[in-house]
1. For segment 53-68, how many residues are surrounded by 15 or more Cβ atoms within 10 Å (Cβ to Cβ) and among the charged types (D, E, K, R)?
2. List pairs: first in segment 1-20 and touching a residue at least 12 places away in the same chain (Cβ under 8 Å) and of a type in the set (Val, Ile, Thr), second open to solvent by 100 Å² or more (accessible area, probe 1.4 Å) and not in a strand (DSSP E or B), Cβ under 8 Å, 6+ apart or cross-chain?
3. Does Leu19 satisfy the criteria of being modelled with pLDDT of 90 or more, under 9 Å from the mean Cα position of the chain (by Cα) and more than 15 Å from Leu67 (Cα to Cα)?
4. If a residue must be open to solvent by 70 Å² or more (accessible area, probe 1.4 Å) and acidic (Asp, Glu), how many such residues does segment 1-32 contain?
Amino acid sequence: MKRRIDVVTLGVADVDRALDFYRKLGWGPGKVVGEEHLPTLDQAGGRAGMVELEGGLLLLLYGRDDLEK
């Protein structure tokens, strides 16, 4: 079986700033996804950034506060 990593998830302070950073590196346009899910007291909101990289690798960017829930 060939092993590979398909998704890398990072917690960031600001999703929009992080997306802008990776755009400036030339890592693709990136986009904000999952905004339709609002946070509750015990569940994270759905706002996240996604950058598609070569070979199908996805870089997912979540707010640190959301990852803590």
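1. Number of matching residues: 1.
2. Sorted first by the residue in segment 1-20, then by its partner, the pairs are Val12/Arg64.
3. Details: modelled with pLDDT of 90 or more: yes; under 9 Å from the mean Cα position of the chain (by Cα): yes; more than 15 Å from Leu67 (Cα to Cα): yes.
So Leu19 passes the test.
4. So the answer is 2.
The values are calculated or read from the model by the stated rules, or taken from the named source; none is laboratory data. What you see is a predicted model, and the numbers here were worked out from it, not measured in a lab. A quick note on method: Cβ atoms are made from the backbone with ideal geometry, for glycine too, and the neighbour counts reach across all protein chains shown. For accessibility, only protein heavy atoms count, side chains too; no ligands or nucleic acids. Shrake-Rupley method; radii C 1.70, N 1.55, O 1.52, S 1.80 Å.
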